[in-house]
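Report on the structure given below.
The values are calculated or read from the model by the stated rules, or taken from the named source; none is laboratory data. Bear in mind that the values here come from a model prediction, so they are computed numbers and not experimental data. Reconstructed Cβ throughout: ideal geometry from the backbone, glycine too, with neighbour counts over all protein chains shown. Keep in mind that these areas ignore ligands, DNA and RNA; they rest on the heavy atoms of the full protein, side chains included. Shrake-Rupley method; radii C 1.70, N 1.55, O 1.52, S 1.80 Å.
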Amino acid sequence: MAYYESVFIARQDVSAAQVDTLAEAFTTIVQEQGGKVTKKEYWGLRNLAYRIKKNRKGHYVLFNLDAPPAAVKEMERNMRINEDIIRFLTVRVEALEEGPSAVMQSKSREGREGGRFRDGDEGRRFGGGRFRDGDRRPPRSEPSEPPVQAPSKGGES
């Protein structure tokens, strides 16, 4: 059987429990067709990059599948029919990832750090922000020689 990763986005006005029910329904469809879902991750309610069918947010769910193509096709057909699913994407992969996905890893990292920026950490991510002695401006360099003036073009002597 082939390996697939599938992500679907459910409408924002659907509850998380209903999204879990949808995921279970898709899991049973895959299992009935002879495949198996090796990993299921709920990524939560996230902002969309642009509006899709009048929705600004959506519930994201990831599946790792070990299934025949017919099972994936049947799952996608049911996703297409379901009104609560606003978008889905299934990709065939060479091997399935073990452990949490990149989205879940970034979520756990943000949780440990206390958000996107911690107090006093704004500049460190972008090259510092402060120079020596806590000053925000670079140190002034003392000119060793006076600036050289360019010759004038008007022919003045």
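Observations
- 3J(HN,Hα) from dihedral phi, the range 13-20, Karplus parametrisation 6.51/-1.76/1.60, rounded to Hz, x for glycine, proline: 8, 8, 6, 5, 5, 5, 5, 5
- Global form of the range 9-63, assessed from the alpha-carbon gyration tensor, a/c cut-off 1.5: prolate
- Subtracting the Cα-Cα distance of Lys54 and Ala102 from 0.36 nm times their residue separation leaves 14.5 nm of extension gain.
- The residues packed around Phe26, meaning those with a beta-carbon under 15 Å from its beta-carbon, carry a net charge of -3 if Lys and Arg are +1 and Asp and Glu are -1.
- In this structure Phe63 has an accessible area near 0 Å², from a 1.4 Å probe over the protein heavy atoms.
- With Cα atoms defining each centre, the range 4-34 and the range 36-111 are spaced 8 Å apart in the structure.
- Most to least packed among 51-59, 97-105 [average Cβ atoms within 10 Å]: 51-59, 97-105
- Residue order for Lys153, Lys107 - accessible surface, 1.4 angstrom probe, largest first: Lys153, Lys107
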